[in-house]
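Trainee: Next up is a structure, given as structure tokens.
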Amino acid sequence: MTLTRGRVQELLAAGGLHPSRALGQNFVADPNTVRRIARLAGVGPGDRVVEIGAGLGSLTLALAETGAAVTAVEVDRGLLPVLRRQVGGAGVEVVGGDAMHLDWAALLGAGPWVLVANLPYNIATPLVADLLDGVPAIARMVVMVQREVAERLAAGPGDAGYGAVSVKVAYWATAR
């Protein structure tokens, strides 16, 4: 069961929590949207998924519904207890930590893993670039980013957003 907008608001109010602008938090609260993302990720039983920025667990629960083994990473210590309560019965492993500074090899071990994330603008480009370079256990990524970031990541030669990060993405992956 995923979280509705009303349930997200209840959880935030009960915990005295607010989305952090500094962390670029934006909680996805539509069950149809998170289920669509899980479907697009193409995961199911036997797959291992790492989600970055799990927040209150809306997408986490949709990913767990597919039957995949989910590891949810969350940097906001205030959200961790709420997240653990929400996903505890779904068999999700919750990890507190900053995705930009995690020991990914220790966390994931051998692959393959699928990364699914709703990334804030300020870390999307460096995080994707770092993961492509240094975390071979991640075989596929499905990330939600702002349009201009997506255009930059998927740009080809001659496109307006083409640059160093576009070259790096093209070297390691096929972006769309």
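Trainee: When the residues of the range 24-51 are filtered to those that are at pLDDT below 95 and among the β-branched types (Val, Ile, Thr), which remaining residue is surrounded by the most Cβ atoms within 10 Å (Cβ to Cβ)?
Mentor: This residue is VAL34.
Trainee: Of the conditions (1) under 20 Å from ARG48 (Cα atoms); (2) surrounded by 19 or more Cβ atoms within 10 Å (Cβ to Cβ); (3) within 14 Å of the chain's Cα centre (by Cα), MET144 clears all except one; give me its number.
Mentor: Of everything listed in (1) under 20 Å from ARG48 (Cα atoms); (2) surrounded by 19 or more Cβ atoms within 10 Å (Cβ to Cβ); (3) within 14 Å of the chain's Cα centre (by Cα), MET144 misses just condition (2).
Trainee: What number of residues in the range 147-164 are hydrophobic (A, V, I, L, M, F, W, C) and surrounded by fewer than 19 Cβ atoms within 10 Å (Cβ to Cβ)? Spell out how you get there, then give the answer.
Mentor: Of all residues in the range 147-164, those hydrophobic (A, V, I, L, M, F, W, C) come to 149-150, 153-155, 160, 164.
Imposing the further condition that a residue be surrounded by fewer than 19 Cβ atoms within 10 Å (Cβ to Cβ) reduces the set to 150, 154, 160, 164.
Final tally of qualifying residues: 4.
Trainee: (1) assigned to a helix (DSSP H, G or I); (2) more than 20 Å from ARG39 (Cα to Cα); (3) without any contact (Cβ under 8 Å) to a residue 40 or more places away in the chain; (4) under 15 Å from the mean Cα position of the chain (by Cα): which one isn't true of ALA170, the others all being true?
Mentor: Answer for ALA170: the failing condition is (4).
Trainee: Something else: Working only within the range 67-80, note down all residues that are within 13 Å of the chain's Cα centre (by Cα) and either among the hydroxyl-bearing types (Ser, Thr, Tyr) or assigned to a loop (DSSP other than H, G, I, E, B) (or both).
Mentor: THR71, VAL75
Trainee: If ARG21 meets every condition in (1) open to solvent by 50 Å² or more (accessible area, probe 1.4 Å); (2) farther than 23 Å from ARG140 by Cα; (3) within 14 Å of the chain's Cα centre (by Cα) apart from one, which number is that one?
Mentor: All conditions pass for ARG21, except number (3).
The rows are residues; the columns are (1) at pLDDT below 95; (2) farther than 26 Å from PHE27 by Cα.
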residue: ILE138; (1), (2): no, no
residue: MET141; (1), (2): no, no
residue: GLY161; (1), (2): yes, yes
residue: ALA175; (1), (2): yes, no
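Trainee: Would you call LEU83 under 23 Å from TYR121 (Cα atoms), part of a helix (DSSP H, G or I) and either of a type outside the set (S, T, N, Q) or touching a residue at least 24 places away in the same chain (Cβ under 8 Å) (or both)?
Mentor: It is true that LEU83 is under 23 Å from TYR121 (Cα atoms), part of a helix (DSSP H, G or I) and either of a type outside the set (S, T, N, Q) or touching a residue at least 24 places away in the same chain (Cβ under 8 Å) (or both).
Trainee: Same structure again: Do we find a residue being assigned to a strand (DSSP E or B) and open to solvent by 30 Å² or more (accessible area, probe 1.4 Å) anywhere in the range 120-138? Walk me through how you get there before you give the answer.
Mentor: So in the range 120-138, the residues assigned to a strand (DSSP E or B) come out as 138.
Then drop every residue that is not open to solvent by 30 Å² or more (accessible area, probe 1.4 Å), which leaves none.
No, the range 120-138 contains no residue that is assigned to a strand (DSSP E or B) and open to solvent by 30 Å² or more (accessible area, probe 1.4 Å).
Trainee: Which pairs turn up if I take residues in the range 31-53 that are within 10 Å of LEU115 (Cα to Cα) and look for partners that are of a type in the set (Ser, Thr, Tyr) with beta carbon separation below 6 Å, at least 6 apart in sequence or on another chain?
Mentor: Close Cβ pairs (under 6 Å, with a partner that is of a type in the set (Ser, Thr, Tyr)) amount to VAL50/THR71; GLU51/THR60.
Trainee: Now for a separate question. Just need a number here: residues in the range 85-97 that are at pLDDT 95 or above and either of a type in the set (Phe, Trp, Tyr) or open to solvent by 40 Å² or more (accessible area, probe 1.4 Å) (or both).
Mentor: Looking only at that region, the number is 2.
Trainee: Right, something else. Restricting the search to the range 54-80, which residues are within 16 Å of PHE27 (Cβ to Cβ) and surrounded by fewer than 24 Cβ atoms within 10 Å (Cβ to Cβ)? Before you say what the answer is, go through the steps one by one.
Mentor: Applying the first criterion (within 16 Å of PHE27 (Cβ to Cβ)) to the range 54-80 yields 54-63, 72-76, 78-80.
The answer is VAL73, VAL75, ASP76, GLY78, LEU80.
Trainee: Can you confirm whether ALA64 is part of a helix (DSSP H, G or I), touching a residue at least 24 places away in the same chain (Cβ under 8 Å) and not β-branched (Val, Ile, Thr)? Steps first, answer last, please.
Mentor: Values: part of a helix (DSSP H, G or I): yes; touching a residue at least 24 places away in the same chain (Cβ under 8 Å): yes; not β-branched (Val, Ile, Thr): yes.
When the stated conditions are applied, ALA64 passes them.
The values are calculated or read from the model by the stated rules, or taken from the named source; none is laboratory data. The shown structure was predicted, so the numbers you read here are calculated from the model rather than taken from an experiment. Every residue, glycine among them, receives a Cβ derived from its backbone with ideal geometry; neighbour counts consider all protein chains shown. To get the accessible areas, we keep the full protein, side chains included, count just its heavy atoms, and leave off ligands, DNA and RNA. Shrake-Rupley method; radii C 1.70, N 1.55, O 1.52, S 1.80 Å.
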